[in-house]
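Asker: Encoded as structure tokens, here's the structure I'll be asking about.
The values are calculated or read from the model by the stated rules, or taken from the named source; none is laboratory data. Note that the coordinates shown come from a computational prediction; the quantities given were computed from them, not determined experimentally. Cβ placement follows ideal geometry from the backbone for every residue including glycine, while neighbour counts extend to all protein chains displayed.
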Amino acid sequence: MSPAAFAATFRLGLQDTFVYRWNILLRSLVTVIPLLATVALWDAVFASNSQGDSPLAAYGRDGMTLYFIAAMIVHTLVTPTEDEWRIAAEIRDGQVSALVTKPIDHLAYRLSLFLSSRLLYTAVTLPVIALVLWTLRTAVHFPVHPETWFWFALSTAMAALIQFFVAYSLAMLAFWFLEVSTVIFLFYSFEYFLSGNVFPLDLLPASLAPLTKYAIFTYELYFPITVFLERLDHAALQEGIVIQAAWVVVSALIAKLMWNRGIRRYEAVGI
């Protein structure tokens, strides 16, 4: 896909997303409710228990609040908005036929739309993010070291790519199955818990540390958060960046492979 075609698709994605700007704003406002509920829950946990040497003590009340603020921000930046459902519907309804006959790379086409939607979605939700930061300002502490911002931006960008490629791969199942919602729901149920949405993954038993260290879910949300919170030493940060980059490559290759296999089956049956 040429840079000009990518840019044109990007502009098309901006226009399409802009139509739903008020829906995006309302959705972002709704996400504040579970954040505040989560913060209140952890406040109660810290108020009613002495953490001692437990992993909770390493966070503290403000640290845990900041963790979930960072989780909300990273989630806003990286999570696809129904991309897998739209792509699967295009395949199921035959709309993908119009794209197959054009000289464009479908993966690059959908990536351009994803990036444009994330850009506009983030811009629209900035007032909500600012409101959250002001409301919980006593717990907000930004990174001390300037280079942390670079690593945070890099890890967040790679997390977005991983989430997109995963969503794209899930949508490709529509080439083989008429209904893919069950698989998508099951996958995202595991992802929600294992990516750090519910609690920091370092609160899990130490015996599970090797699993979380290399699991793809860790690098979809939790890793960028820990980078922002500066909870990693230099060696752990560099190792995490390498593992995350590897998952970007692997997930991209899987997405491309599933498209190539699926479109051959689609052409044989429907075109």
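Asker: Quick check: anything in region 140-148 surrounded by 18 or more Cβ atoms within 10 Å (Cβ to Cβ) and either touching an Asp or Glu at 6+ places or on another chain (Cβ under 6 Å) or within 16 Å of residue 27 (Cβ to Cβ) (or both)? Don't jump to the end; show me each part of the working.
Answerer: Step one: filter region 140-148 for residues surrounded by 18 or more Cβ atoms within 10 Å (Cβ to Cβ), giving none.
Within region 140-148, none of the residues are surrounded by 18 or more Cβ atoms within 10 Å (Cβ to Cβ) and either touching an Asp or Glu at 6+ places or on another chain (Cβ under 6 Å) or within 16 Å of residue 27 (Cβ to Cβ) (or both).
Asker: Also, quick follow-up: What residue, among those in region 90-126 that are free of Cβ contacts under 8 Å to residues at least 12 places away in the same chain and outside any loop (DSSP other than H, G, I, E, B), is farthest from residue 253 (Cα to Cα)?
Answerer: Top of the filtered list is 126.
Asker: Would you confirm whether or not region 121-143 contains a residue that is touching a helix residue (DSSP H, G or I) at 6+ places or on another chain (Cβ under 9 Å) and closer than 30 Å to residue 177 by Cβ?
Answerer: Scanning region 121-143, I find at least one residue that is touching a helix residue (DSSP H, G or I) at 6+ places or on another chain (Cβ under 9 Å) and closer than 30 Å to residue 177 by Cβ, so the answer is yes.
Asker: Okay, moving on. Which residue is nearest to the chain's Cα centre (by Cα), if the candidates are limited to region 198-236 and must be crowded, with 20+ Cβ neighbours inside 10 Å and not in a helix (DSSP H, G or I)?
Answerer: Only one residue fits best here, namely 221.
Asker: Cβ contacts < 8 Å: first residue under 15 Å from residue 227 (Cα atoms) and in contact (Cβ under 8 Å) with a residue 60 or more places away in the chain, restricted to region 71-83; second residue assigned to a loop (DSSP other than H, G, I, E, B) and among the hydroxyl-bearing types (Ser, Thr, Tyr), any location; separation 6+ or different chain. Result?
Answerer: As it stands, the answer is none, since no pair meets every condition given.
Asker: Let me ask something else. Look at region 16-35 and say how many of its residues are of a type in the set (A, V, I, L, M, F, W, C), modelled with pLDDT of 70 or more and loosely packed, with under 14 Cβ neighbours inside 10 Å.
Answerer: If we filter region 16-35 for residues that are of a type in the set (A, V, I, L, M, F, W, C), which is where we start, we get 18-19, 22, 24-26, 29-30, 32-33, 35.
Now drop any that are not modelled with pLDDT of 70 or more, which leaves 26, 29-30, 32-33, 35.
Adding the requirement that they be loosely packed, with under 14 Cβ neighbours inside 10 Å leaves 26, 29-30, 33.
Qualifying residue count for the region: 4.
Asker: Next question. Out of the residues in region 182-197 meeting the condition of being out of contact with any Phe, Trp or Tyr (no Cβ under 8 Å at 6 or more places or on another chain) and free of Cβ contacts under 8 Å to residues at least 60 places away in the same chain, tell me which one is surrounded by the most Cβ atoms within 10 Å (Cβ to Cβ).
Answerer: Only one residue fits best here, namely 187.
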